[in-house]
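Presented below is the structure to which this report refers.
The values are calculated or read from the model by the stated rules, or taken from the named source; none is laboratory data. If you're wondering where the values come from, they're calculated on a predicted model, not measured in any experiment. FYI the Cβ positions are ideal-geometry reconstructions off the backbone, even for glycines, and counts take in every protein chain you see.
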Amino acid sequence: METSPAVKEHKLPTLAQLVGENELRKQDNDFMVLLNQEPPKQWLKQHPTTKGAYLPIERVEYLLSRIFVKWWVEVRSVQCIANSVVATVRLYVINPITQSEEWQDGIGAAPIQTDKGAGAMDWNKAKAQGVMMAAPSAETFAVKDAAEKFGKLFGKDLNRAEIINYDSLISDRWKQE
């Protein structure tokens, strides 16, 4: 395969350069290992309707504040779908290693409460405060969904049968200390 003249003029990085270690990559890997530690067991709560555990929003917000310091949420959309309020958000953080802005999207839904025994789609039986209560819950679930994408510390692998260990990414300088 012959290299084009344009590629020859613009020196492309080698594969070794792309996958090689440098100080920033080591710091990023170490940060990824931190974000993929298990959350403290005492922070987890048992879900009231399923057999799984969950990390409450107050712990998620605490971790966002302690790790990223500066973070904010943009509500991208709120919709009523079937008998639920559905929210999508974009969770922004400032990466403490690179000081760059990063984000993750999340989605959450919460049911609109209805009178006991009413069908889910029976709007005549919807509680007067149903949407008012469902909308903030949907946003909370969306923020948690976005935060989970940063790593296990935020609840990413809770209730999964198979998990991945990120410890192999720790740079040698931490292993020696």
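What about residue 150, is it at pLDDT 95 or above, more than 30 Å from residue 27 (Cβ to Cβ) and within 13 Å of the chain's Cα centre (by Cα)? The answer is no for residue 150. Filtering the range 112-139 to residues that are surrounded by 13 or more Cβ atoms within 10 Å (Cβ to Cβ), of a type in the set (D, E, K, R) and either modelled with pLDDT of 85 or more or in a strand (DSSP E or B) (or both) leaves only 139. Of the residues that sit in the range 140-151 and are touching a helix residue (DSSP H, G or I) at 6+ places or on another chain (Cβ under 7 Å) and not β-branched (Val, Ile, Thr), which one is surrounded by the fewest Cβ atoms within 10 Å (Cβ to Cβ)? The extreme case among them is 148. Look at the range 36-56: where a residue is touching a residue at least 60 places away in the same chain (Cβ under 8 Å) and closer than 16 Å to residue 144 by Cβ and a partner is of a type in the set (Gly, Ala, Ser) and in a loop (DSSP other than H, G, I, E, B), sitting 6+ places away or on another chain with Cβ atoms under 7 Å, you get 39/155; 54/155; 55/155. Filter the range 33-85 for residues that are over 29 Å from residue 119 (Cα atoms) and of a type in the set (S, T, N, Q); which is surrounded by the fewest Cβ atoms within 10 Å (Cβ to Cβ)? Among those residues, the one meeting the criterion is 42. Within the range 62-88, the set of residues being touching a residue at least 12 places away in the same chain (Cβ under 8 Å) and either among the small types (Gly, Ala, Ser) or under 24 Å from residue 43 (Cα atoms) (or both) comprises 63, 64, 67, 68, 69, 70, 71, 72, 73, 82, 84, 87. With respect to the conditions (1) modelled with pLDDT of 80 or more; (2) within 29 Å of residue 37 (Cβ to Cβ); (3) of a type outside the set (Val, Ile, Thr); (4) not in a loop (DSSP other than H, G, I, E, B), residue 157 lacks only one, and its number is (4).
If you check residue 109 against the conditions, is it assigned to a strand (DSSP E or B) and not charged (D, E, K, R)? It is true that residue 109 is assigned to a strand (DSSP E or B) and not charged (D, E, K, R). Can you name the number of the only condition in (1) touching a strand residue (DSSP E or B) at 6+ places or on another chain (Cβ under 7 Å); (2) over 30 Å from residue 28 (Cα atoms) that residue 64 fails? (2) is the only condition that residue 64 fails.
Would you confirm whether any residue within the range 86-105 is buried (at least 16 other Cβ atoms within 10 Å of the Cβ) and modelled with pLDDT under 95? Within the range 86-105, none of the residues are buried (at least 16 other Cβ atoms within 10 Å of the Cβ) and modelled with pLDDT under 95. Summed over the range 7-65, the residues that are within 26 Å of the chain's Cα centre (by Cα), β-branched (Val, Ile, Thr), at pLDDT below 95 and outside any loop (DSSP other than H, G, I, E, B) give a count of 2. Answer yes if at least one residue in the range 95-106 is under 30 Å from residue 25 (Cα atoms) and of a type in the set (A, V, I, L, M, F, W, C), and no otherwise. Checked the range 95-106: at least one residue is under 30 Å from residue 25 (Cα atoms) and of a type in the set (A, V, I, L, M, F, W, C).
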